[in-house]
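Notes follow once the structure below has been shown.
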Amino acid sequence: MNKENKKETGKETKKEAIQRPPKDYKPRMRKVYDEKIVPALIKELQLGSVMAAPKLEKIVINMGVNEAKENIQVLEQAKEDLTAITGQMPETMKAKKSISNFKLREGMPIALRVTLRGAIMYEFLDRFISLSAPKIRDFQGFSSGHFDGRGNYNVGLRDHHIFPEVNVEKSVKSRGMNITFVLQKADNHKGHLLLEHFGMPFKKEKSN
């Protein structure tokens, strides 16, 4: 077997290790969206049709791995953690230019990124809201001020150990993450309303 075949076999093995849901599988959160959230949004926002309802398009997750430039094992462990958390192999983001003050050279790995769509996206959303968010230390809800003006919402996390999929014995160091919920046909109000219907735990506004 030549080197190219070995590389291809290795890639196939990694892909096969990640269990994908069947094509006809409909996650719980997708059913909730179709059967309960959309009718509620049409009524609350006075929309003309189902097609006008705001919708979750994708979830983008980024994890910094700056130490990887000195220790490649850090990158491999972070990849393993993010794969376990999302159910999808992450993409390695590399430095586009060298910065001498930070001992950074062009091409060095600096972060990992995963973009989730479809069933796997809804499964992650369900686990994040139901299992992971409540484990955040001193958690009192997410701020409503992290929308970007187009309905997309950003969540910054300090510790990826809140995800039960992470093996804390192997992954000792906690890592920060940024999660972006990208929405279609939404502004900040519609985006907030949609995520609230999904069960996103926002901070309760203080009444005067």
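The values are calculated or read from the model by the stated rules, or taken from the named source; none is laboratory data. All values derive from a computational prediction rather than experimental measurement. Here the Cβ is made from the backbone with ideal geometry for all residues, glycine too, and neighbour counts use every protein chain on show.
LEU125 passes every criterion in (1) of a type in the set (A, V, I, L, M, F, W, C); (2) at pLDDT below 95; (3) within 24 Å of LYS58 (Cβ to Cβ) apart from (2). Of all the residues in the range 132-145, those that are surrounded by fewer than 15 Cβ atoms within 10 Å (Cβ to Cβ) and not in a helix (DSSP H, G or I) number 7. Considering ILE129, ILE110, ILE179, the condition of being in contact with a helix residue (DSSP H, G or I) (Cβ under 8 Å, 6 or more places away or on another chain), among the β-branched types (Val, Ile, Thr) and assigned to a helix (DSSP H, G or I) is satisfied by ILE129 alone. Would you pick out the residues in the range 39-80 that are buried (at least 17 other Cβ atoms within 10 Å of the Cβ), touching a His at 6+ places or on another chain (Cβ under 9 Å) and modelled with pLDDT of 95 or more? Correct list: LEU41 only. Would you call LEU157 free of Cβ contacts under 8 Å to residues at least 24 places away in the same chain and either surrounded by 14 or more Cβ atoms within 10 Å (Cβ to Cβ) or over 19 Å from ASP81 (Cβ atoms) (or both)? It is true that LEU157 is free of Cβ contacts under 8 Å to residues at least 24 places away in the same chain and either surrounded by 14 or more Cβ atoms within 10 Å (Cβ to Cβ) or over 19 Å from ASP81 (Cβ atoms) (or both). Cβ separations smaller than 6 Å between residues 6+ apart or across chains give the following pairs from the range 29-48 residues that are under 21 Å from MET121 (Cβ atoms) to residues that are modelled with pLDDT of 95 or more and part of a loop (DSSP other than H, G, I, E, B): VAL38/ALA53; LEU41/ALA53. Restrict the check to the range 166-177 and report whether at least one residue is small (Gly, Ala, Ser), surrounded by 13 or more Cβ atoms within 10 Å (Cβ to Cβ) and either more than 30 Å from ILE72 (Cα to Cα) or modelled with pLDDT of 95 or more (or both). So far as the range 166-177 goes, no, none of its residues is small (Gly, Ala, Ser), surrounded by 13 or more Cβ atoms within 10 Å (Cβ to Cβ) and either more than 30 Å from ILE72 (Cα to Cα) or modelled with pLDDT of 95 or more (or both). Residues in the range 194-208 include at least one that is over 15 Å from ALA133 (Cα atoms), surrounded by 17 or more Cβ atoms within 10 Å (Cβ to Cβ) and not charged (D, E, K, R). Taken over the range 174-190, the criterion of being in contact (Cβ under 8 Å) with a residue 60 or more places away in the chain and within 24 Å of LYS135 (Cα to Cα) is satisfied by ARG175, GLY176, MET177, ASN178, ILE179, THR180, PHE181, VAL182.
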